[in-house]
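Chemist: Pasting in a structure now, in C-alpha cells, and then I'll have a few things to ask.
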Amino acid sequence: MWRATLAASAALLTLAMSATPAAAQAWVPGAGYGSVTFTTQAIDHLGHILNDGTLIADGKSTTIALDLAADYALTDRLSFSVDVPYVFAKYRGPGPSPPFVPFLPVDSCFCFHSGLQDLTITTRYNLINRRRGFALTPSMSVGLPSRDYDHVGEAVVGRDLKELRIAVDAGQRFSALSGRLSLQGRYSYAFVERVLSIPNNRSNGSIEGRIAMTRRLSISGLVTWQRTHGGLRFPDDVVVSTERILEHDRLLRDNSLRMGGGASYSWGQWNVSASLVGYTHGSNTHALRAITVDIGRAFQKD
C-alpha cells in the first residue's frame, strides 16, 4: 500500500463535482438574488493509481464532506460566494505503509478524524449573456486554510495550502433545437503555494450536458479532468529524501479523468440535486467514486 492524495480529492471533489455548484455556473443571477446551499459528499477511495497508470487495489479510505455555501449577486453581472467544508476522513487499510513511508497514528487507528478545511471566497463577472442563450463568466477565487491543521497522512482533512484560482465558465442553451438542452464548460488554473520549492499548480476542466425532462426535473452528464503542472511521481520522486516522503501526500502529480451523471429537482425557491462521479483514467491519484447531494434555497433582497 502507498499513500496518495486523499486531501486533494476531498478539496477538489467537494468544490467541483456537485451537480449544480454555485461557483461553476456560466449564468449569473440578477441583482439582489442569492442562494444558500448545503452540500454533503461521500468519497470512497477504492485504490491507488501509480505513475504508470497501474491500479493497486489497496490503501482504501473514506472521506465525508459537509459544505455550506452562500452566493449573492451585487449587480446583474457581478456576484460573490463564500463556502467552507467540514471534512471527516478515515483510513480503512489494509496494513502498514511501505518501509519508506511512516505508518502514522492518524492512519493506524483506522478511525475518523475531522475538522474545518479551507475557506473559499469567489467573485464572478458575467462578460456575455446573449438573451440567456450563450453566457461567458470569468471568476477568481482564493482558498485559505481555516487553521494550521495536520496534513500528513491519509486520514487528514486537507492539504493546508493557499491557492489562487482563475477560471472561466461558458454555457450555451440550444433553443433552436430544444429549450430543454444546455451545455456548460469550465476551465480553471490554480496557483498553489509551494512546498519544498516544488511547483504544484494545476489545471481543472469540466463539461456538463443537461436535459430538462420537465419544468422541475433535469438530468445531466459530467466529465471532469485534472492536470498537475509539476508535482512528484510516486515512488521515483518521493524516495529521494525524508522531507519528500513526509510531504508527498500534498505534492503528487495528480492527473485524472472522471465521469458521472446527476439529476436536479426544483420547486419554488428550493432545489435538490444529486450526482455520482467515478474514476476513469489517471496517474498518481485515487481510483474513487463520489456521491454528492445538494440542497439549496434561493432568495431575493427586498
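No lab work stands behind these numbers, since they all come straight from the coordinates. Keep in mind that this is a model prediction, so the values were computed, not measured. So basically every Cβ, Gly included, is an ideal-geometry build from the backbone, and we count neighbours across all protein chains shown.
Chemist: Divide by every residue of the chain the summed helix terms, -39500 (n - 2.57) for each DSSP H run of at least 4, and state the resulting mean residue ellipticity at 222 nm, rounded to the nearest 500 deg cm²/dmol.
Modeler: For the chain, the value works out to -1500 deg cm²/dmol.
Chemist: Sequence neighbours fewer than 8 away in the same chain don't count; with that in mind, list the aspartates and glutamates whose C-alpha is under 12 Å from residue 162.
Modeler: Hits, sequence-local ones excluded: 118, 148, 193.
Chemist: Sorted by average packing, counted as other Cβ atoms within 10 angstrom per residue and highest first, what order do 36-49, 202-215, 152-165 take?
Modeler: Going by the mean number of other Cβ atoms within 10 Å, highest first, we get 152-165, 36-49, 202-215.
Chemist: Next up: So what is the relative contact order of the stretch 220-302, in percent, for Cα pairs below 8 Å that sit 6 or more residues apart?
Modeler: For the stretch 220-302, the relative contact order is 27 percent.
Chemist: Would you mind calculating the relative contact order of the chain from Cα pairs under 8 angstrom and at least 6 residues apart, reporting the percent as a whole number?
Modeler: Contact order relative to length: 21 percent.
Chemist: Less than 13 Å Cβ to Cβ from residue 141, Lys/Arg counted +1 and Asp/Glu -1: what total charge do the surrounding residues give?
Modeler: For residues surrounding residue 141, the net value is -1.
Chemist: Still on this model: Can you tell me the orientation of helix 6-16 relative to the chain, as the angle in degrees between its alpha-carbon axis and the longest Cα principal axis, to the nearest 10?
Modeler: Taking Cα atoms only, the helix is inclined about 0 degrees.
Chemist: Sticking with this one: Would you please give the FRET efficiency between residue 177 and residue 110, computed as 1/(1 + (r/R0)^6) with r the Cβ-Cβ distance and R0 = 35 Å, to the nearest 0.05?
Modeler: It comes out at approximately 0.10.
Chemist: Multiply the residue gap between residue 236 and residue 191 by 0.36 nm, knock off their C-alpha separation, and tell me the result in nm, one decimal place.
Modeler: Extending this stretch completely gives an extra 13.8 nm.
Chemist: So for the pair residue 57, residue 265, with labels modelled 7 Å out along Cα→Cβ, what separation do we get in nm?
Modeler: Taking the two extended label points, one gets 3.5 nm.
Chemist: Hey, which lysines would be in cross-link range of residue 60, C-alpha to C-alpha under 16 Å, not counting anything within fewer than 8 residues on its own chain?
Modeler: Result set, ordered by chain and number: 90.
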